[in-house]
1. Is it the case, given these coordinates, that Asp99 is modelled with pLDDT under 95 and in contact with a strand residue (DSSP E or B) (Cβ under 7 Å, 6 or more places away or on another chain)?
2. Among the residues of segment 27-44, count how many are in contact with a strand residue (DSSP E or B) (Cβ under 6 Å, 6 or more places away or on another chain), surrounded by 21 or more Cβ atoms within 10 Å (Cβ to Cβ) and closer than 22 Å to Gly160 by Cβ.
3. Go through Val78, Val10, Val83 for me and flag whichever is at pLDDT 95 or above and either β-branched (Val, Ile, Thr) or touching a Lys or Arg at 6+ places or on another chain (Cβ under 6 Å) (or both).
4. Could you grab me the full set of residues in segment 28-44 that are assigned to a helix (DSSP H, G or I) and under 14 Å from the mean Cα position of the chain (by Cα)?
5. Could you figure out which of (1) within 18 Å of Thr143 (Cβ to Cβ); (2) over 17 Å from the mean Cα position of the chain (by Cα); (3) of a type outside the set (Gly, Ala, Ser) isn't true of Arg84?
6. Please indicate, with yes or no, whether at least one residue in segment 71-79 is in contact (Cβ under 8 Å) with a residue 60 or more places away in the chain, within 13 Å of the chain's Cα centre (by Cα) and more than 20 Å from Gly217 (Cα to Cα).
7. Return the pair list, or none, for Cβ contacts closer than 9 Å from residues in segment 116-137 that are closer than 14 Å to Trp100 by Cα to residues that are part of a helix (DSSP H, G or I) and open to solvent by 50 Å² or more (accessible area, probe 1.4 Å), at least 6 apart or on different chains.
8. Do we have Ser167 as polar (S, T, N, Q) and modelled with pLDDT of 95 or more here?
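The values are calculated or read from the model by the stated rules, or taken from the named source; none is laboratory data. Treat the numbers as computed from the prediction; the structure is a model and nothing was measured. Cβ placement follows ideal geometry from the backbone for every residue including glycine, while neighbour counts extend to all protein chains displayed. Calculation scope for accessible area: heavy atoms of the full protein, side chains included, ligands and nucleic acids excluded. Shrake-Rupley method; radii C 1.70, N 1.55, O 1.52, S 1.80 Å.
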Amino acid sequence: MAVPASASPVSLKPAYGVSDSAEVNASTLLALDSALGLQHKSDVSASLLFAQLAATAASDKFTAPRSWIRKVLEVLSVVGWSVRGDKTCPPDRQAMPVDWPETTLEIFERLYGMAAPLVRRTIQSATALPGTSSAAELWNAGTYGGGRGLYLTGLAEQEGGGDPRLSLLLTSFTLNEGVPGILDWVPDAELVPEFAALSLNLDVYSKVRQQILEKLGSRLTEDVKPVSLAG
């Protein structure tokens with residue numbers, strides 16, 4: 001679980017508030033339901049960032065996407081997440097032009113099993129951001145390179161018992177070139193989606209929470225950018 005250490009460790013000070021919220025978390029577009037408390041939102045965000053950074057330190061996400069995805073899920077399971085379901089879909093050649101926001105939402109909802117209005121709202125708000133925004137620049141730095149890409153779409157909710165639940169769509173793809181916005185790539189793409197449903201054991205995570213925050217340090221603000229939800 002090697003993660004590049006930050007030079008200046010800081011405490012996580014989430015700016016989530018008590019309403020629904022969203023963020024670009026490294027290469028994840030993450031929606032956080034209002035039912036989650038501030039601490040639980042912070043736990044989801046920090047653990048997901050930690051897993052992505054650990055996976056990137058171990059594997060190239062663009063040339064070996066399946067290895068990178070396996071590492072993300074492995075690290076999440078080590079810090080307290082239980083993977084309750086994990087399904088890889090066959091490659092899907094998209095017709096030109098690709099409507100990336102709608103395609104992403106359609107795949108997410110199909111594998112999630114129902115409508116996901118907060119994910120739709122998150123995608124709509126994120127794709128409305130200018131390409132020069134900090135969230136869009138972070139997104140593009142971590143999701144595309146050399147004709148290949150990999151991005152995640154996540155929905156964090158509360159389990160019946162109060163623990164966080166995370167539904168995660170991990171999509172690797174190939175295409176010709178990229179552009180500056182969020183979910184705004186050019187046509188001619190082949191997607192390989194994978195979907196995982198996870199739940200967080202807070203008793204386990206509480207034992208590593210501070211260690212993860214210290215390891216992440218300033219990455220918590222450098223690699224996590226809020227997305228203001230419209231409406």
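1. no
2. Count: 7.
3. Only one candidate qualifies: Val78.
4. Residues of segment 28-44 that are assigned to a helix (DSSP H, G or I), as a first pass: 38-44.
Matches in segment 28-44: Lys41, Ser42, Asp43, Val44.
5. Result: Arg84 passes all but (1).
6. yes
7. From segment 116-137, the pairs are Ile123/Glu102.
8. When the stated conditions are applied, Ser167 passes them.
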